[in-house]
Structures are given as C-alpha cells and as structure tokens.
1. Which one, Pro76, Met169, Ile34, projects farthest toward the positive side of the charge dipole computed for the chain from Cβ point charges (K/R +1, D/E -1)?
2. May I ask for the net charge around Val22, where only other residues with Cβ less than 10 Å from the Cβ of Val22 are counted and Lys, Arg are +1 while Asp, Glu are -1?
3. Between Asp116, Asp164, Asp71, find the one with the highest GNM mean-square fluctuation for the chain; connect C-alpha pairs within less than 10 Å.
4. Give the shape of the stretch 2-74 as rounded, prolate or oblate, defined through the alpha-carbon gyration tensor: a ≥ b ≥ c are the square roots of its eigenvalues, a/c under 1.5 means rounded, and otherwise the shape is prolate if a/b is larger than b/c and oblate if not.
5. In deg cm²/dmol and to the nearest 500, what is the mean residue ellipticity at 222 nm of the chain if only DSSP H runs of at least 4 residues count, each as -39500 (n - 2.57), divided by the residue total?
6. What does the charge add up to near Arg108, with Lys and Arg as +1, Asp and Glu as -1, over the other residues with Cβ less than 13 Å from its Cβ?
7. Sort Val224, Val13 by Cβ crowding within 10 Å, fewest neighbours at the top.
8. Ordered by packing density, taken as the mean number of other Cβ atoms within 10 Å over each peptide's residues, highest first, how do 40-46, 130-136, 20-26, 53-59 rank?
Amino acid sequence: MARSIPPDRLPAVIDAAVGVFVTHGYRRTQMQDIADVLGLAKGTLYGYAAGKEALFAAAICYGDGLEAMPDISALPVRAPADGELAELVAGRLAAEVPDLALTKALGRHRLPRTPDEAAAELSGIVVDLYERLSRNRVAIKLVDRCAPELPELGKVWSDTGRGDQMSGMKAYLDSRHRADLLALPGPVDLVARTTVELCVLWGVHCRFDPAPLASPSPYDDTTVATTLAAMITRSMKPTGGA
C-alpha cells in the first residue's frame, strides 16, 4: 500500500499530526482526527504510519526537519518498541548538552574578568539556549504537551530536559553572582528558572499560540533571541557597570 500513495505527502501528514497532538493531547487524538485535517480517508494514513503510536513517534522524529524523511520503501512507519521513544528523546537532548554555551561556561576554570565580560558571556548563553530550543521546538512541544499521558516521556523531559537546564543555569548564575560579576534581581533559583522559562516560552510555546500577536508574521528567531538576551543581561548588570 505504501508504494501506491504519494511519498511527498508525508511532510503534510507529519505537520497535521503535530497540530492535532498539540491541540488534543495524546490520548484524545485519533487517526481520524488527523485524516480529517488532511481531507483523507483514515485508511490512507495507514500507508504512512502503522497507527497513532507510530505517527506520534514520527512527529517527534521528523517534525523539526533535523532528520530526513524516510524513503517510501520504509513506509508505513512502524510503532516504537517499549522505551524506544524515550530513548530517542533522551538521545536528542543528550546530543545538545556538550556543546551548550552554558555547559562550556560551567566547565571553564577562569571566570570572566569584568562584569561586562560576564554580561557578554550570559548573553551568549541565552542566545545559544534559545537557538537550540527553537531548533527542536516541535519535539519539545509534543513531549511537553503529552508527557502527563506518557510517563516515560515525562521523566525524560522533567529530569534530562528542564531539570538539567534549571540546575545548570542556577549553578552558573550563583558562581557569577558570588564573584560579583552579576547582580541577581532575586533568589538564584527563581532567576535561573525565569531565564530558562523565557527561552522556552518564546522559543517553543509562542510558535504554537492559536492567537498570535497581531503582526503579518511571528518575530524571527534572531530578533527574539537577541531581545531576550538584552533584557536578561541588563537585569543582572551590577550597579555602576558600563
């Protein structure tokens, strides 16, 4: 059956699945819902994915365009084995961690010499975090939306995803604050979480807002990243800094 259907329709199937899963969550979504969005017979979808589980996994895997769509010979996409989807998400998160600007900053033995250097370092961390979140926004949104219904994904997201980012940002801000390089506007854990959550809000969730800002198109990622970096760094520059 897979060879009798247009292979170039798979991206549209993935996009429709993403929209429905984000809107309804995992349990309430049915194959018929996705077929209705596409204007297809439900049976046609089974030529692309073996079922809802397979389509959800495909949406996470291919929705961000980071991996090439499977060849027509590989259709229908199979359902993931037990634990396979959590491993996929954990693997993608783990692949980002070593090159994070935050990770590198925490690993440096030499601290910035001045508050201005610290502000530039923090700005780079915020921009880098935003860019990585936005690059993986579809997978992150799907996991965040459906994690309460899929416990194995919930644990990966709360621990490896948000949990590690919060603890890393807290450690970073605390070290720069203790060295009088940054002046935190509040408790370090609150400031750290706010910094990370602002990046998640604008890098991920705002792109799925059903009622976006009244403008011809959403703000481009570069504008959002630099704006967030400027707001955050200015709020932490010590009094008297340039």
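1. Met169
2. Numbers: positive: Lys141, Arg145; negative: Asp144.
Value of the local net charge: +1.
3. Its mean-square fluctuation being the largest, the pick is Asp71.
4. Values: a/c = 1.78, a/b = 1.20, b/c = 1.49.
Taking the square roots of the gyration eigenvalues as a ≥ b ≥ c, the stretch 2-74 is oblate.
5. Details: 12 runs with 146 residues, N = 242.
Result for the chain: -19000 deg cm²/dmol, rounded to the nearest 500.
6. +2
7. Result, fewest neighbours first: Val224, Val13.
8. Answer by packing, highest mean first, reads 53-59, 130-136, 20-26, 40-46.
Computed from the coordinates by the stated procedures, all read-outs in this text should not be read as laboratory data. On a predicted model such as this, the values are computed, not experimentally measured, just so you know. Neighbour counts are summed over all protein chains in view; Cβ atoms, including those assigned to glycine, are modelled from backbone coordinates with ideal geometry.
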